[in-house]
1. Just the residues that are assigned by TED's automatic domain parsing to the domain that holds Asn86, at pLDDT 90 or above and exposed (fewer than 14 other Cβ atoms within 10 Å of the Cβ), please, taken from segment 36-66.
2. Taking the stated definitions as given, is Leu268 within 16 Å of Glu36 (Cβ to Cβ), out of contact with any Phe, Trp or Tyr (no Cβ under 9 Å at 6 or more places or on another chain) and surrounded by 15 or more Cβ atoms within 10 Å (Cβ to Cβ)?
3. For segment 146-163, which positions are surrounded by 21 or more Cβ atoms within 10 Å (Cβ to Cβ) and part of a helix (DSSP H, G or I)?
4. Kindly indicate whether Glu262 is more than 15 Å from the ligand (Cβ to nearest atom), crowded, with 16+ Cβ neighbours inside 10 Å, part of a helix (DSSP H, G or I) and not assigned by TED's automatic domain parsing to the domain that holds Ala49.
5. Being touching a helix residue (DSSP H, G or I) at 6+ places or on another chain (Cβ under 7 Å) and of a type in the set (Val, Ile, Thr) is the filter; apply it to segment 117-143 and report the residue that is nearest to Val340 (Cα to Cα).
6. Going by the structure shown, is Thr29 in contact (Cβ under 8 Å) with a residue 12 or more places away in the chain, among the polar types (S, T, N, Q) and touching a strand residue (DSSP E or B) at 6+ places or on another chain (Cβ under 6 Å)?
7. For segment 294-306, check the following and say yes or no: at least one residue is out of contact with any strand residue (DSSP E or B) (no Cβ under 9 Å at 6 or more places or on another chain), at pLDDT 95 or above and part of a helix (DSSP H, G or I).
8. Of all residues in segment 103-130, count the ones that are more than 20 Å from Asp243 (Cα to Cα), assigned to a loop (DSSP other than H, G, I, E, B) and more than 13 Å from the ligand (Cβ to nearest atom).
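The values are calculated or read from the model by the stated rules, or taken from the named source; none is laboratory data. Predicted model only: the values in this text are computed from it and were never measured. Backbone-built Cβ (ideal geometry, glycine too); neighbour counts: all protein chains shown.
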Amino acid sequence: MNNPSNVKEVSQASALIDFARNFPPPCPTVRNAIQETFTHLAKANVAEAIRFPRFTGTEKDREAGASWLAQRFEATLDPDRIALANGTQSILSMLIAYYIKPGGVLLTEALTYPAIKPLSQLFGVRLLPVSIDAEGIEPASLDQACDTVNGSARALYCMPTLHNPTSAIMTDARRREVAKIARKHDLCIFEDDVYGILSPNAPRPLASYAPERSWYILGLNKSLACQLRIAYVAGPSSSVTQDVFWPGVRTTNWMVAPLIAEIATHWLTTGLAHGILSSVRIETEIRRSIAQDALGLSFDIDPASYHLWVRLPGGFNLTDFVKAAKQRGVAIGAGDSFAVDSSLGDTRFRLGLGVPPDHGQLRSGLSIISELTKA
Ligand SMILES: Cc1ncc(COP(=O)(O)O)c(C=O)c1O
């Protein structure tokens, strides 16, 4: 049931200029793709497609996924290693439930995707943070964390490419070291590459450095359309993928919705997806340059990232700054929500440049933030 006070909060939040959430910027290509897709669906036999469960996706869905993932791997993976699901969170639920017993340990970057915290709680799993620097995970800290729990950590959840919230990208050397330590401690790697696909120059996924133990997850929500709610997962082998994403497991809502899969496969196989991704990249560049001018800052991060991790101005604490921004009509991402140990995240905030609906609102919101940071 809806909690009336939550409903009120959400409707108040929608009146704010929103930098707190993090979506791709709006692009007309998505509207055009939807129109084209409905014409296609009207001709396709959708009634038949929605009669049956789609399990891990049809062969065509998985082949389309393999060719989309090939942009990151520079090679086409065996489609039988791939499963489609209802988004990254659904995939992570399946992986955590399969690999980590209640009371077990999941390693993660010290700053991480906020949803991992409630998700691990749901499964009674303890999150153990690993230190990060400008290149992401620090190998010595990963090694030490595994030793601390005497080998009981089974898996590492991480974002090696365009990390959320820092936008850090692990170098090739760092990927090799992290893979080596994962091997030493027999860890599975759950690699979330939801932002990685945004950068045409990103290094190959961590999964290609440790393919025997990696689960590579690529959702479409941060690159093509935020609420399409579909993601692809590539397991270490087709048989392991089949075991973990066994169609008989119906206890979580992981299985892909057939109509959504139909749309995604159409986008991936017709070039519509490439068109959307290019326009997201172009609009990101425009928004980044607006932000650079408005905030008077230069950002030392990959040009494809549309989220900024900004240092709090001196004299402010995080709670007061978030509150002051809200009073002026702007929502920003509180840094401590990303921190496994929340005291680590209290010196920065995140700005998602993609959510404001147009450049006018983007400029107004940024000028309020700029005034606040200079106050
Ligand atoms: C790092 C990261 N992974 C995954 C997601 C969400 O993925 P999905 O909507 O596919 O469950 C988000 C959304 O905020 C995210 O920031």
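1. Correct list: Glu59 only.
2. Values: within 16 Å of Glu36 (Cβ to Cβ): yes; out of contact with any Phe, Trp or Tyr (no Cβ under 9 Å at 6 or more places or on another chain): no; surrounded by 15 or more Cβ atoms within 10 Å (Cβ to Cβ): yes.
No: the conditions fail for Leu268.
3. Hit for segment 146-163 is Cys146, nothing else.
4. On the way: more than 15 Å from the ligand (Cβ to nearest atom): yes; crowded, with 16+ Cβ neighbours inside 10 Å: yes; part of a helix (DSSP H, G or I): yes; not assigned by TED's automatic domain parsing to the domain that holds Ala49: no.
It is false that Glu262 is more than 15 Å from the ligand (Cβ to nearest atom), crowded, with 16+ Cβ neighbours inside 10 Å, part of a helix (DSSP H, G or I) and not assigned by TED's automatic domain parsing to the domain that holds Ala49.
5. Filtering segment 117-143 for residues that are touching a helix residue (DSSP H, G or I) at 6+ places or on another chain (Cβ under 7 Å) and of a type in the set (Val, Ile, Thr), the one nearest to Val340 (Cα to Cα) comes out as Val130.
6. On the way: in contact (Cβ under 8 Å) with a residue 12 or more places away in the chain: yes; among the polar types (S, T, N, Q): yes; touching a strand residue (DSSP E or B) at 6+ places or on another chain (Cβ under 6 Å): no.
Taking the combined requirement at face value, the residue does not satisfy it.
7. yes
8. Let us first name the residues in segment 103-130 that are more than 20 Å from Asp243 (Cα to Cα), namely 103-122, 124-130.
Of the ones still in play, those that are also assigned to a loop (DSSP other than H, G, I, E, B) are 103-104, 110, 112-115, 124-125.
Those still in the list that are more than 13 Å from the ligand (Cβ to nearest atom) too: 103-104, 110, 124-125.
Number satisfying all stated conditions: 5.
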